[in-house]
Structures are given as C-alpha cells and as structure tokens.
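The values are calculated or read from the model by the stated rules, or taken from the named source; none is laboratory data. Values in this document were obtained by computation on a predicted structure and should not be read as measured data. So basically every Cβ, Gly included, is an ideal-geometry build from the backbone, and we count neighbours across all protein chains shown.
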Amino acid sequence: MIIEDDLTIAKSLQEELTKWSYQAFYTTDFNQIMELFTEQAPQLVLIDIKLPYFNGYYWCTEIRKVSQVPIIFISSQNERMDIVMAIQMGADDFISKPFDLTIAIAKIQALLRRTYDFNENDSFLNHQGVYLKANELRLQFEEKEMALTKTEMKILEQLFLHKSEFVSREAIMVSLWENEAFIDDNTLAVNIARLRKKLAEIGLENFIITKKGYGYGLMKGE
C-alpha cells in the first residue's frame, strides 16, 4: 500500500513493484486511509511524511493502533529529526527522496523477508493478520504456525483469494478436483471441521464461517 501525495512517484513505485510480481496499489483519497488499509490488509505500507489533511506521522500512529504491518517512510524531509520521528512513531525503515528505484525495491524485499521469513519466490496471502504460506503448506498467526495438508491448503487458498465474500461448496470442490484431490460434499465438511479445530488451537476461533446452504468464508473485520 503506497500513501504518497506525489502521483508520479506513487505510480513509479507501483509499476516497479508489479515488475517484481508484487501486488501494489496506491491511494489518492487521503480522507479514507484507515478504511482502505482495513479493506486491503496490505503486507507493507510505504508512506510519505507530507500529505494532505494529516501527515504521515499521524497515519503511521493510527496504523500502529491496529497492526504491526511493516512501514517504510519515503520522504524528502530527511533531516535527522525527521528520521528519528518516523522510527519513534513506529516505522521500520526510511528512504530519502530522491531515491533509486532499485535500492527502494531492495529495501522493501529485505523488510518483507525479515518480517515474514519468506523467500522471494514464496507466495503468501493475508487476512486479518493471518498469513497463508501456500508454498510451505503452513499458516502463520502472530508467533504461532500450523502445518497444512494439501487439501487444507487448497481450501484455505480459495477462502483467502475471495476473503471479501463467501465461496460456494461447489467452487471449492471444483478447485480441489482440478488439483487431483477427489472430494465430495461430505469429505469437504470433514476437512472444514478439522481445519476449524486446528485453527482454534492457535487462537483462531471462528476464523472460517459458514453461510448456510451455500458455502464458507473468512471471519470479517470489526
């Protein structure tokens, strides 16, 4: 998530991150920062100090009230006290303008690796601070992790990819059939029950919710 008043810089960062196979987006609506943050649940935030209405320090503080997502400040206000203030407000790193895009991407990748302990070729999905590590068949929540079977991973992957909606039982089963996991409605229900039990053991009660007569979804934010 890129919070940047300079549209040229925001677009350049988005384009460069996309080349590296990251999903990146920026906002020009500076009245809806927290709403967008909650909706998109980004793995990392890039934020300028100088912004309309409220500055980057303010938004960093607001984000820190609800999330420990890594934050990098990008700003031309790069005096020593600006950097100190950013770190004190909860930032993880600081990039001074003007900057080299290659160096900025390297810093972003390094911070993501330190935070999530992923290799660059790993894929992961996030919802409400819960991370699905598909390549490793693992799910991470805070300091806890749980191992997944291939079937459990594919079920969760469908729910994570459609986290803002419910996924029909049929759609989940089609996905599993396509991956040679031959499963019927009863077997799906058994897998969901087992997943719920495993999730509860790491503090994720009611993480998977049921839409009666239709299918399943993920717990929605407050």
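Assess whether LEU156 counts as being surrounded by 17 or more Cβ atoms within 10 Å (Cβ to Cβ), part of a loop (DSSP other than H, G, I, E, B) and either in contact with a Cys (Cβ under 8 Å, 6 or more places away or on another chain) or not assigned by TED's automatic domain parsing to the domain that holds SER67 (or both). No. The residues of segment 1-51 that are assigned to a strand (DSSP E or B) and not polar (S, T, N, Q), listed by number, are ILE2, ILE3, TYR26, VAL45, LEU46, ILE47. Take the conditions small (Gly, Ala, Ser) and in contact with a Gly (Cβ under 8 Å, 6 or more places away or on another chain) and apply them to SER21. Does it pass? Spelling it out, it is not the case that SER21 is small (Gly, Ala, Ser) and in contact with a Gly (Cβ under 8 Å, 6 or more places away or on another chain).
If you go through segment 83-100 and keep only what is over 22 Å from the mean Cα position of the chain (by Cα) and surrounded by fewer than 17 Cβ atoms within 10 Å (Cβ to Cβ), you end up with VAL84, GLN88, SER96, LYS97, PRO98, PHE99, ASP100. A Cβ distance below 7 Å, combined with a sequence gap of six or more or placement on separate chains, defines the contacts here; from segment 188-212, residues that are outside the structural domain of VAL174 (by TED's automatic domain parsing) and in a loop (DSSP other than H, G, I, E, B) reach no residue that is surrounded by fewer than 16 Cβ atoms within 10 Å (Cβ to Cβ) and β-branched (Val, Ile, Thr).
Quick check on ILE71: is it under 18 Å from ALA10 (Cβ atoms), within 15 Å of the chain's Cα centre (by Cα), surrounded by 13 or more Cβ atoms within 10 Å (Cβ to Cβ) and outside the structural domain of PHE160 (by TED's automatic domain parsing)? Yes, satisfied.
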